[in-house]
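Peer 1: Mind looking over this structure? Questions follow.
The values are calculated or read from the model by the stated rules, or taken from the named source; none is laboratory data. All figures in this text were calculated on a predicted structure; none of them were measured in a lab. All Cβ positions, glycine included, derive from the backbone under ideal geometry; neighbour counts span all protein chains shown.
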Amino acid sequence: MGFIFLGIILVVVIYAVMTYNSLVEIKHNIEKAWSNIEVLLKQRHEEIPKLVAVCKEYMQFEQETLEKVILARSRVMDASMTHDTAALGHAETALRQSLGGLFALAESYPDLKTNEQFNHLQQRISGLENTIADRREFYNDSVNINNVRIAQFPDTIIANFFGFKRAELLKFSAAETADVDLGKLFSKK
């Protein structure tokens, strides 16, 4: 009878250790996913001033558009550094819209459109945007796995005992994910 009881205790301990280790791995995947986003945001953060500098040479009268890009860039980095997923969603939308406005406005400047450095930076930023979107998806997948695991029984017992917490998904509202209206950007106010 003692061996059966010892066997049950051993199975429970092994299950608890395996569950704990699995939850730790999931938690670190979330951190890694967020770090991957931060790396890409930093790369984009470094490219945008170069783009603005090139545009300033050609777009002397479009200061408001350039200032929107710079302000949005700053807000994205602030939200990223504080890990504020809600603020990051809003800041990303503002940056995406201001870059869309800048790229649309560039159409009015033939010399800028043919500038090799501008085209390279535009392609680089567009590529970073696509990669950031992929990383956001990976981050949300990692968060979802974490949140499901810590809510499932019996894993929830171990998660609560060791203080594992829910993570926040990176969310965007329908307005924030809508396509930029390029026709509106081209129309004069």
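Peer 1: Quickly run through the range 63-93 and pick out the residues that are at pLDDT below 85 and of a type in the set (D, E, K, R).
Peer 2: Of everything in the range 63-93, those that are at pLDDT below 85 and of a type in the set (D, E, K, R) turn out to be E64, E67, K68, D84, E92.
Peer 1: Can you say whether S22 is on the phi < 0 side of the Ramachandran plot, surrounded by fewer than 18 Cβ atoms within 10 Å (Cβ to Cβ), within 17 Å of the chain's Cα centre (by Cα) and assigned to a helix (DSSP H, G or I), as far as the supplied structure shows?
Peer 2: Working: on the phi < 0 side of the Ramachandran plot: yes; surrounded by fewer than 18 Cβ atoms within 10 Å (Cβ to Cβ): yes; within 17 Å of the chain's Cα centre (by Cα): no; assigned to a helix (DSSP H, G or I): yes.
Criteria not met by S22.
Peer 1: Within the range 91-131, can you find the residues that are of a type in the set (G, A, S) and not in a helix (DSSP H, G or I)? Reasoning before the result, please.
Peer 2: Taking the range 91-131 as the starting set, the residues that turn out to be of a type in the set (G, A, S) are 91, 94, 98, 100-101, 104, 106, 108, 126-127.
Hit for the range 91-131 is S108, nothing else.
Peer 1: Taking only the range 24-58 into account, find how many residues are under 12 Å from I70 (Cα atoms) and of a type in the set (A, V, I, L, M).
Peer 2: 4
Peer 1: For the range 25-53, enumerate the residues that are within 30 Å of L105 (Cα to Cα), surrounded by 17 or more Cβ atoms within 10 Å (Cβ to Cβ) and not β-branched (V, I, T). Full working, then the answer.
Peer 2: So the first thing to find is which residues in the range 25-53 are within 30 Å of L105 (Cα to Cα), and the list is 37-53.
So of that shortlist, the ones also surrounded by 17 or more Cβ atoms within 10 Å (Cβ to Cβ) come out as 37, 40-41, 44-45, 47-48, 51-52.
Passing the criteria: L40, L41, R44, H45, E47, L51.
Peer 1: Of the residues L95, L102, L51, L121, which is under 30 Å from Y139 (Cα atoms), touching a Cys at 6+ places or on another chain (Cβ under 7 Å) and not charged (D, E, K, R)? Working first, answer last.
Peer 2: Values: L95 fails: touching a Cys at 6+ places or on another chain (Cβ under 7 Å); L51 fails: touching a Cys at 6+ places or on another chain (Cβ under 7 Å); L121 fails: touching a Cys at 6+ places or on another chain (Cβ under 7 Å).
Among L95, L102, L51, L121, only L102 is under 30 Å from Y139 (Cα atoms), touching a Cys at 6+ places or on another chain (Cβ under 7 Å) and not charged (D, E, K, R).
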